[in-house]
1. Within the chain, what whole-number % of the accessible surface is contributed by carbon and sulfur, with the 1.4 Å probe and all protein chains included in the calculation?
2. Using a 10 Å Cβ count of at most 11 others and DSSP loop calls, identify the longest part of the chain lacking such GluC sites (Glu not before Pro).
3. May I ask for the net charge around PRO34, where only other residues with Cβ less than 13 Å from the Cβ of PRO34 are counted and Lys, Arg are +1 while Asp, Glu are -1?
4. Can you send over the solvent-accessible area of THR18, 1.4 Å probe, protein chains only, in Å² to the nearest 10?
5. Quick check: the angle from helix 61-79's long axis to the longest principal axis of the chain, C-alpha only, nearest 10 degrees?
6. Arrange the peptides 22-33, 6-17 so that the one whose residues have, on average, the most other Cβ atoms within 10 Å appears first.
7. Specify whether the C-alpha gyration tensor of region 63-109 places it in the rounded, prolate or oblate class, a ≥ b ≥ c being the square roots of the eigenvalues: rounded for a/c under 1.5, otherwise prolate if a/b is larger than b/c and oblate if not.
8. Hey, what's the chain come to in accessible area per residue, 1.4 Å probe, Å²?
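The values are calculated or read from the model by the stated rules, or taken from the named source; none is laboratory data. Source: prediction; values computed, not measured. Please note: Cβ atoms are built from the backbone with ideal geometry, for glycine as well, and neighbour counts cover all protein chains shown. These accessible areas exclude ligands, DNA and RNA; they are computed on the full protein's heavy atoms, side chains included. Shrake-Rupley method; radii C 1.70, N 1.55, O 1.52, S 1.80 Å.
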Amino acid sequence: MSYRDDIANALSTADGVTGYAYRPTTPLPGDAWPLSGPWDRSEGLTFIRTWRVVVLLPQDERGASDWADDHMEDLVDALLPVGFVDRIEFVPAPAEGSDQFALQITMRS
């Protein structure tokens, strides 16, 4: 099993979230998947990998805000066994021509 799978499985433990190792074909609100970020050198030859986790939000602004408020702590708690969450921010959803937003979670493994 890969680290992507570990992140996806951890995300699926949060209420209202379905984790995927890669972006699903037709993502729905509550779907989440990791994107690889930079690999930073720490001590010696060890690298620390940074991940960006995308969590798709409901399309309307109020629904997106309410969903984020209700699920933020659960997402951080779910990811704790696989990484440390550094930051969470609202970003445009990674889809062409969409007005939808997503949470982008930056975490280190």
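1. Carbon and sulfur atoms account for 51 percent of the accessible area of the chain.
2. It works out to 44-95.
3. Overall, the nearby charge balance is +2.
4. Probe radius 1.4 Å; accessible area of THR18 about 60 Å².
5. Value to nearest ten degrees: 30.
6. Top to bottom by mean Cβ count within 10 Å: 6-17, 22-33.
7. Since a/c reaches 1.5 but b/c is at least a/b, the shape of region 63-109 is classed as oblate.
8. 59 Å²
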